[in-house]
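Engineer: Sharing a structure here in structure tokens format.
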Ligand code: NAD
């Protein structure tokens, strides 16, 4: 269970704030059945995401990347938003939280009711695919149907490679999402970093930027993070337990 004193302090900080921005990582989705990268025996170990350079390098690699993607999709087919996603959606509906910046690719903030235009997905979304050539969107269900017929890596009508709309290691960050995340960060007077080990950059730079800009910083993560030393409040508790009472 969450420590009562720190949870009460978090609730007070949220009450006192004018504009709260939440920054979320894989930890907010673990209670939904999607493991983070740090969990032992996680499915990510069996189906590791492929670096961008390797995806581009060969048809064989792309086929493997798509096989891993479909295997992960099968494991996560029935996931539903957790208590953390739902609490943030409530706080957004009341206007307290002005936006969520997420490292996650699972779409669970939107599934919980957070408006899509107020959720910034820094690492993209695994729910669809994009052509790396012309940028057109491809639906995963159609891509998969074709893959099951010919076992070939999908190609767009323009000839471009089709890739899940997630940002792989080594792939350029999406300029639009980065700009929106920067703008949100600068509007925050309270920045909540939730369920991220804060080691993946440049995403992890946002909490530090908010702090430098004068925002208060609260970190909710069950393990220590690199930014604990500059935070105003650190809660080493379970995300669902801490966030569940908020916004009711
Ligand atoms: P991470 O795996 O590096 O860190 C997650 C942190 O959350 C860990 O420190 C862990 O101790 C903590 N945590 C896990 N469950 C928790 C709980 N219930 N309560 C409190 N703390 C909890 O994840 P990251 O920092 O987000 O970075 C990994 C990268 O992997 C991201 O860039 C993301 O794109 C990708 N990823 C996404 C998903 C997803 O979409 N759900 C899942 C795994 C990885």
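Engineer: Looking at segment 47-64 only, could you name the residues that are without any contact (Cβ under 8 Å) to a residue 24 or more places away in the chain and either assigned to a helix (DSSP H, G or I) or more than 20 Å from residue 169 (Cβ to Cβ) (or both)?
Structural biologist: Correct list: 54, 57, 60, 61, 64.
Engineer: Oh, and also: With respect to residue 99, is the statement that it is away from the ligand (no atom under 14 Å from the Cβ), without any contact (Cβ under 8 Å) to a residue 40 or more places away in the chain, over 26 Å from residue 43 (Cβ atoms) and in the same structural domain as residue 201 (by TED's automatic domain parsing) true?
Structural biologist: No: the conditions fail for residue 99.
Engineer: Would you call residue 35 under 22 Å from residue 173 (Cα atoms), touching a helix residue (DSSP H, G or I) at 6+ places or on another chain (Cβ under 8 Å), at pLDDT below 95 and within 16 Å of the ligand (Cβ to nearest atom)?
Structural biologist: Against the criterion (under 22 Å from residue 173 (Cα atoms), touching a helix residue (DSSP H, G or I) at 6+ places or on another chain (Cβ under 8 Å), at pLDDT below 95 and within 16 Å of the ligand (Cβ to nearest atom)), residue 35 does not qualify.
Engineer: Now for a different question. Report the residue count in segment 174-197 for those that are more than 15 Å from residue 120 (Cα to Cα), at pLDDT 95 or above and in a loop (DSSP other than H, G, I, E, B).
Structural biologist: Residues that pass the stated criteria total 3.
Engineer: Output the residue which, of all residues in segment 220-235 that are near the ligand (Cβ under 8 Å from one of its atoms) and surrounded by 15 or more Cβ atoms within 10 Å (Cβ to Cβ), is farthest from residue 30 (Cα to Cα).
Structural biologist: 225
Engineer: A follow-up question, please. Could you check residue 153 against (1) away from the ligand (no atom under 12 Å from the Cβ); (2) closer than 25 Å to residue 99 by Cβ; (3) modelled with pLDDT of 95 or more; (4) buried (at least 18 other Cβ atoms within 10 Å of the Cβ) and say which number it fails?
Structural biologist: Checking residue 153 against (1) away from the ligand (no atom under 12 Å from the Cβ); (2) closer than 25 Å to residue 99 by Cβ; (3) modelled with pLDDT of 95 or more; (4) buried (at least 18 other Cβ atoms within 10 Å of the Cβ), the one that fails is (2).
Every residue, every condition in (1) surrounded by fewer than 17 Cβ atoms within 10 Å (Cβ to Cβ); (2) without any contact (Cβ under 8 Å) to a residue 40 or more places away in the chain; (3) over 14 Å from residue 76 (Cβ atoms), yes or no:
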| site | (1), (2), (3) |
| --- | --- |
| 6 | no, no, yes |
| 9 | yes, no, yes |
| 15 | yes, yes, yes |
| 22 | no, no, yes |
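Engineer: Of these, 165, 208, 215, which one is within 16 Å of the ligand (Cβ to nearest atom), at pLDDT 95 or above and touching a strand residue (DSSP E or B) at 6+ places or on another chain (Cβ under 7 Å)?
Structural biologist: Step by step, each of 165, 208, 215 is checked, and only 165 is within 16 Å of the ligand (Cβ to nearest atom), at pLDDT 95 or above and touching a strand residue (DSSP E or B) at 6+ places or on another chain (Cβ under 7 Å).
Engineer: Next question. In this structure, is residue 78 part of a helix (DSSP H, G or I) and more than 12 Å from the ligand (Cβ to nearest atom)?
Structural biologist: Against the criterion (part of a helix (DSSP H, G or I) and more than 12 Å from the ligand (Cβ to nearest atom)), residue 78 does not qualify.
The values are calculated or read from the model by the stated rules, or taken from the named source; none is laboratory data. All values derive from a computational prediction rather than experimental measurement. When we count neighbours, we look across all protein chains shown, and the Cβ atoms used for this are built from the backbone with ideal geometry, even at glycine.
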